[in-house]
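Notes for the one structure printed next.
The values are calculated or read from the model by the stated rules, or taken from the named source; none is laboratory data. Fair warning: this is a prediction, and the values are worked out from it, not measured in the lab. A quick note on method: Cβ atoms are made from the backbone with ideal geometry, for glycine too, and the neighbour counts reach across all protein chains shown.
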Amino acid sequence: MKERKVKIPISEIYPTIQGEGFLIGTPVVLIRLQGCNLSCEWCDTKYAIPLKKESGKYLEEILREVKKYNRKRALITGGEPLYHREVFFLIDSLIQMDFYVQIETNGTLWIEELEKFSKESLYISLSPKYLVNYSFHPAFYYWADEVKLVVDNHLSSEVIFSKPFVYFLERKKLILQPEGNKPHFVKKALKLLEEILEKGYEAFLIPQMHKLIGIE
Ligand code: SF4
């Protein structure tokens, strides 16, 4: 496929601050892709799930819009960004333009072409979902820079202490994110954190900062 002919379904593009995970507070241009292969009950970007014909934008148009903002970091999110193989061309172009690219993914899909990038220019935030029993593509063992587990009614200590997540606990990459910053999920997250610490691991409790300070 010729790069200039690439069309990607875009929900919205705007400058903001990363509100989740280890890179909280980072100024970014947020590029939200339309479409997702899952349908989580508490999804806070449900408007970005249905694929709409009219949301397809040419790569050139997207890059032109991204360049308007005074940022050197791009956050590609969704929906599920890896649902579209064409996202590779977007990432490639952004990296060539010296952007530090962050991707937020549910981890169920992988695009092999991403393996041509170095970890220095690509930050991957993996957030496995209860709908698929917290399973994720094995490529993320290497590629995930952080693993966000949403603390909701589904998350349990059994999940956290299962083999895949112990792998990330051992590497201090696990983040507990209380769903919607709700007080009862904050309480549950604190309890889970204590269990993690008791077992000799370290994890991090990080709320959704953008919701606390009232920005998108
Ligand atoms: S994976 Fe993410 S975008 Fe997709 S439905 Fe779940 S929360 Fe929403």
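Under the condition of being farther than 18 Å from Glu20 by Cα and among the charged types (D, E, K, R), which residue from the stretch 73-96 is farthest from the ligand (Cβ to nearest atom)?
The first filter runs over the stretch 73-96 and keeps only residues farther than 18 Å from Glu20 by Cα, leaving 82-96.
Right, trim to among the charged types (D, E, K, R) and you get 85-86, 92.
Details: Arg85: 17, Glu86: 18, Asp92: 23 Å.
My answer is Asp92.
Evaluate the following for Lys129: is it within 14 Å of the ligand (Cβ to nearest atom), of a type in the set (D, E, K, R) and under 25 Å from Ala74 (Cβ atoms)? Talk me through it step by step, then tell me what you get.
Numbers: within 14 Å of the ligand (Cβ to nearest atom): yes; of a type in the set (D, E, K, R): yes; under 25 Å from Ala74 (Cβ atoms): yes.
Criteria met by Lys129.
Those residues that are surrounded by 16 or more Cβ atoms within 10 Å (Cβ to Cβ) and part of a strand (DSSP E or B), I need them from the stretch 171-211; list them, please.
Result: Leu174, Ile175, Leu176, Gln177, Pro178, Phe204.
Cβ-Cβ below 6 Å, separation at least six or inter-chain, first residue in the stretch 191-203 and among the hydroxyl-bearing types (Ser, Thr, Tyr), second not in a loop (DSSP other than H, G, I, E, B): which pairs?
What qualifies is Tyr201/Leu169.
For the stretch 97-119, which positions are among the hydroxyl-bearing types (Ser, Thr, Tyr) and either within 17 Å of Leu51 (Cα to Cα) or within 11 Å of the ligand (Cβ to nearest atom) (or both)?
At the first step, the residues of the stretch 97-119 found to be among the hydroxyl-bearing types (Ser, Thr, Tyr) are 100, 105, 108, 118.
Listed by number, the residues that qualify are Thr105, Thr108.
How many residues, within the stretch 118-133, are within 23 Å of His84 (Cβ to Cβ) and either surrounded by 21 or more Cβ atoms within 10 Å (Cβ to Cβ) or at pLDDT 95 or above (or both)?
Our first condition is that a residue be within 23 Å of His84 (Cβ to Cβ); within the stretch 118-133, this holds for 118-119, 121-129, 131-132.
Next cut, either surrounded by 21 or more Cβ atoms within 10 Å (Cβ to Cβ) or at pLDDT 95 or above (or both) only: 122-129, 131-132.
Of the residues in that region, 10 qualify.
I'd like the full set of residues that are within 22 Å of Tyr134 (Cβ to Cβ) and of a type in the set (S, T, N, Q), limited to the stretch 71-117.
Thr77, Gln102, Thr105, Asn106, Thr108
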